[in-house]
Amino acid sequence: MFNIRKYLSTIFINLVIKDKSCSIEAYSVKNEKIIKIHQRTFIEEDKNKLLKYIKTLIDNHYFTYVSLLFTSIGQGMVPTINKTDLQKFGVDSSAVSLKIFDNSFLYAAKTELINADIVFDELQVDLIYSPFSILFKLIQDKKTDGFVFDGISLFVLKYGEFITLMIYDGKKFKFGSYFELKINKDNEEDHQSLELEEEIELDSNNDTLEELDFDEFDNVKVDDNFDLGADLNSDLNENLQSFSLDMQIFEYINSAIKEFYNNNIYDSDFINNIIIFEHEKSSKAMHSYIESELLIKPIVYTIDIFKEMLKLSSNDLGAKIDI
């Protein structure tokens, strides 16, 4: 079937709201190929600049599709499609919008959906994706690639401060949870990182020292504003924050597992696998900690949340793209 969209420039705009900012990753597509990627982040106060930037992208393309990742904490997924069962899962059916998804209910608070529309009141959002739908697609893709997860598996999607959990027994959905990590930004300071183009490794070999011309150090110019103590403090704060986030992730995963095991509303059994999909790499220390505490070595994959949104939107819109 002839499709004119294939020959005219199309842009797929993916939006993610987090931490009072909006990140944009847009893909210019022509002849089923990505010809340019546009990336910007706007703070909450720059809403007009955000909308102006998006309008510019739209004006430069024949077709436009806008997708939003719904990151509100007022959402979840429960293993039932019976409305009368929602109350026992703590869900008020009158306050949420429901969608049957993978033989389960995916729900979102109506007020939060309205708030998402208000943010982009001057922009038509074509598709809204829950992190659960992103995680589900990632799981299915791995199974399509031939990965077999025997027994009960806990799948985790980590994007920024948002964590999505889904537990499956084979193909059967058993448990879902979604939460937002608490990030303390009070002690953060803006700083510039120092990039070393080359590192010289000194050893006990005197020849190495002889090759260095120490007189050259007299010509080195040091920025008057450089503060080694401030730089070290910034690095320390970053490391402490990273450690704090890693521990939060573990605590939430652990508490979700306990809820799954101990709450009689779930048809639970022991978890055999933990699979983590993460947009930003977490520390190996966290992976080791999960293994030592839960006695399960996690399988970790690095993903691009925006590319996953593009895969979903292009599939839902019937657009073929070489991703």
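The values are calculated or read from the model by the stated rules, or taken from the named source; none is laboratory data. Just so it is clear, the structure is predicted and the values come from calculations on it, not from any experiment. Please note: Cβ atoms are built from the backbone with ideal geometry, for glycine as well, and neighbour counts cover all protein chains shown. For the accessible areas, the whole protein counts, side chains as well, though only heavy atoms, and no ligand, DNA or RNA atoms are used. Shrake-Rupley method; radii C 1.70, N 1.55, O 1.52, S 1.80 Å.
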Considering Ala256, Ala230, Ala285, which residue is surrounded by 13 or more Cβ atoms within 10 Å (Cβ to Cβ), at negative phi and either in a helix (DSSP H, G or I) or modelled with pLDDT under 90 (or both)?
-> Ala256
Residue list for segment 163-177, restricted to those being in a strand (DSSP E or B) and either open to solvent by 20 Å² or more (accessible area, probe 1.4 Å) or free of Cβ contacts under 8 Å to residues at least 12 places away in the same chain (or both) | Asp169, Lys172, Ser177
Restricted to segment 113-160, and to residues that are part of a loop (DSSP other than H, G, I, E, B) and of a type in the set (Val, Ile, Thr), which residue is least open to solvent (accessible area, probe 1.4 Å)?
-> Val125
Determine, yes or no, whether Ile58 is open to solvent by 90 Å² or more (accessible area, probe 1.4 Å), aliphatic (A, V, I, L, M) and closer than 25 Å to Leu123 by Cβ.
-> no
How many residues, within segment 39-73, are of a type outside the set (Ser, Thr, Tyr), in contact with a strand residue (DSSP E or B) (Cβ under 8 Å, 6 or more places away or on another chain) and free of Cβ contacts under 8 Å to residues at least 40 places away in the same chain?
-> 7
Quick one: which of Lys297, Lys311 is more than 28 Å from Arg40 (Cβ to Cβ) and either among the hydroxyl-bearing types (Ser, Thr, Tyr) or surrounded by fewer than 18 Cβ atoms within 10 Å (Cβ to Cβ) (or both)?
-> Lys297
Only one residue in Gly151, Gly160, Gly176 is at pLDDT 90 or above and on the phi > 0 side of the Ramachandran plot, so which one is that?
-> Gly151
Odd one out for Gly76, checked against (1) more than 30 Å from Tyr266 (Cβ to Cβ); (2) touching a residue at least 60 places away in the same chain (Cβ under 8 Å); (3) in contact with a strand residue (DSSP E or B) (Cβ under 6 Å, 6 or more places away or on another chain) | (1)
Name every residue in segment 23-39 that is open to solvent by 20 Å² or more (accessible area, probe 1.4 Å) and either of a type outside the set (S, T, N, Q) or at pLDDT 95 or above (or both), in order of residue number.
-> Lys30, Glu32, Lys33, Ile34, Ile35, Lys36, Ile37, His38, Gln39
Filter segment 72-84 for residues that are modelled with pLDDT under 95 and surrounded by 13 or more Cβ atoms within 10 Å (Cβ to Cβ); the one that is farthest from Ile134 (Cα to Cα) is Gly74
Which numbered condition trips up Phe105, out of (1) touching a Leu at 6+ places or on another chain (Cβ under 8 Å); (2) open to solvent by 50 Å² or more (accessible area, probe 1.4 Å); (3) without any contact (Cβ under 8 Å) to a residue 60 or more places away in the chain?
-> (2)
Give the number of residues within segment 259-282 that are open to solvent by less than 70 Å² (accessible area, probe 1.4 Å) and either touching a residue at least 24 places away in the same chain (Cβ under 8 Å) or under 30 Å from Ser23 (Cβ atoms) (or both).
-> 14
Give segment 42-76 a look and list any residue that's hydrophobic (A, V, I, L, M, F, W, C) and farther than 26 Å from Lys20 by Cβ, or say none.
-> Phe63
